[in-house]
Amino acid sequence: MNALKITAIILLIATAPGCESNSVVREYEVDREQERVLTSDLLRDQFEAVPFVWKVPSDWTIAENDQFSAFAWTSTAAGATARITVSDLPTAAGIEPQFMRWRGQLQLPESDPADVMNSVETLLLKGLSCQWIEINGETETILGMIAPYKDKLWIFKFRSANSTAKEKRQAFREFCESLSVE
């Protein structure tokens, strides 16, 4: 609400029937609050809920978080944009179900979970044992790493067109491998 509207409301109230004629009209000017979108480093600084540090590639742009992500970026290559997110889930959600869900997001046929888990690579990162997977669909790819830590699964996910994933795979992998406990 701008200051003019607030002044008008106060004047209407002050001149309303039943108000004393010797009432003093006071004018208040209030600055409009700016909407604040919490993303990436702002979120970490404000809540200190993320137990990790990492090195973000210089060509990634901070993006708006969705309802699931704590951090989000975009990266463009081959004429298409990739979305990179970091989110968390309770450990009980399980690693295997996440990978199966990602396959469904790429509309891949159902597969035996054991076969899917055979394509998972274990990454040992500064005391963390993480699971890395690459899932290629007909037109899109999901690259992902899940890092179990304390009572959460930290999910690092890259989704883009196949050509973009091919070009940006190494940068995302290096981002994931830069992960360390703060």
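The values are calculated or read from the model by the stated rules, or taken from the named source; none is laboratory data. Predicted model, so just to flag it, every value in this text is computed and none were measured. We place every Cβ from the backbone using ideal geometry, glycine too, and count neighbours over all the protein chains shown. To get the accessible areas, we keep the full protein, side chains included, count just its heavy atoms, and leave off ligands, DNA and RNA. Shrake-Rupley method; radii C 1.70, N 1.55, O 1.52, S 1.80 Å.
Which residue out of ALA78, ALA114 is open to solvent by 30 Å² or more (accessible area, probe 1.4 Å), in contact with a Ser or Thr (Cβ under 7 Å, 6 or more places away or on another chain) and either modelled with pLDDT under 90 or of a type in the set (Gly, Ala, Ser) (or both)? Steps first, answer last, please.
Numbers: ALA114 fails: in contact with a Ser or Thr (Cβ under 7 Å, 6 or more places away or on another chain).
None of the others qualify; the one that does is ALA78.
Looking at (1) among the small types (Gly, Ala, Ser); (2) within 18 Å of ALA82 (Cα to Cα); (3) open to solvent by less than 40 Å² (accessible area, probe 1.4 Å), which one does ALA147 not meet, given that it meets all the others?
That leaves (2) as the condition not met.
All but one of (1) within 19 Å of the chain's Cα centre (by Cα); (2) farther than 25 Å from PHE52 by Cα; (3) without any contact (Cβ under 8 Å) to a residue 40 or more places away in the chain hold for THR81, so report the exception by its number.
(3)
What strands (runs of 3 or more DSSP E) completely inside the range 82-182 contain at least 1 residues that are among the small types (Gly, Ala, Ser) and closer than 23 Å to ILE62 by Cα? Reasoning before the result, please.
Working: elements: 121-125, 128-136, 140-149, 152-161.
By residue number, 140-149, 152-161.
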